[in-house]
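Below is one structure, written out as structure tokens; the observations come after it.
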Amino acid sequence: MGKKVNNCGVLLLKKDDEKKEIEFELQYLLSLTVQERFQLMQRKSREMLALLEQNGHGNKITAKFGITEVYFPCLDDMIRMKKTAGRTKDLEDLKYLKKIKAKKK
């Protein structure tokens with residue numbers, strides 16, 4: 001049916017289908033315990049920080065959720081990342097990110 005899950009728990013589709021991607025992500029997150037979700041968030045945050053530093057994006061934003069620090073790229077870096085990815089949902093995100101940037105000026 002063009003939908004497959006590989007052994008890493010990643011959804012593989014033959015063509016872009018945002019609805020199926022969101023359904024898959026929600027089902028996956030619902031299958032996790034609260035502790036597993038926080039562990040996932042912490043792990044992904046550390047991965048994001050490492051990628052930001054590795055690729056020279058020093059302008060990260062740090063947010064704190066309780067005692068957990070989460071890292072995000074700055075707006076300009078996020079715009080660059082979305083352009084580079086070029087997926088349908090990234091290009092849609094890009095429209096909103098550009099509007100946010102325009103309001104900040």
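Among the residues of region 24-36, is there at least one that is modelled with pLDDT of 80 or more and surrounded by 14 or more Cβ atoms within 10 Å (Cβ to Cβ)? Yes, the conditions are met somewhere in region 24-36.
Could you tell me whether residue 7 is at pLDDT below 80 and either under 21 Å from residue 91 (Cβ atoms) or of a type in the set (D, E, K, R) (or both)?
Working: at pLDDT below 80: yes; either under 21 Å from residue 91 (Cβ atoms) or of a type in the set (D, E, K, R) (or both): no.
No, not satisfied.
When region 66-75 is examined, which residues are found to be free of Cβ contacts under 8 Å to residues at least 24 places away in the same chain and not aliphatic (A, V, I, L, M)? Explain how you work it out, then say what you get.
Kept after step one, since they are free of Cβ contacts under 8 Å to residues at least 24 places away in the same chain, are these residues of region 66-75: 66-67, 74.
The answer is 66, 74.
For residue 84, the conditions (1) among the hydroxyl-bearing types (Ser, Thr, Tyr); (2) at pLDDT below 85; (3) more than 23 Å from residue 13 (Cα to Cα) all hold with the exception of (3). Is there a residue being on the phi < 0 side of the Ramachandran plot, surrounded by 11 or more Cβ atoms within 10 Å (Cβ to Cβ), touching a helix residue (DSSP H, G or I) at 6+ places or on another chain (Cβ under 7 Å) and basic (Lys, Arg) anywhere in region 75-88? Scanning region 75-88 turns up at least one residue that is on the phi < 0 side of the Ramachandran plot, surrounded by 11 or more Cβ atoms within 10 Å (Cβ to Cβ), touching a helix residue (DSSP H, G or I) at 6+ places or on another chain (Cβ under 7 Å) and basic (Lys, Arg).
Pairing residues of region 85-96 that are among the hydrophobic types (A, V, I, L, M, F, W, C) with residues that are surrounded by 11 or more Cβ atoms within 10 Å (Cβ to Cβ), at Cβ distances under 6 Å and at least 6 apart in sequence or on separate chains, gives 94/82.
Go through region 47-68 residue by residue and tally those that are farther than 23 Å from residue 79 by Cβ and among the basic types (Lys, Arg).
Taking region 47-68 as the starting set, the residues that turn out to be farther than 23 Å from residue 79 by Cβ are 64-68.
Now restrict to residues that are among the basic types (Lys, Arg): 64.
Looking only at that region, the number is 1.
The values are calculated or read from the model by the stated rules, or taken from the named source; none is laboratory data. From a predicted model like this one, the values you see are computed outputs, not experimental measurements. FYI the Cβ positions are ideal-geometry reconstructions off the backbone, even for glycines, and counts take in every protein chain you see.
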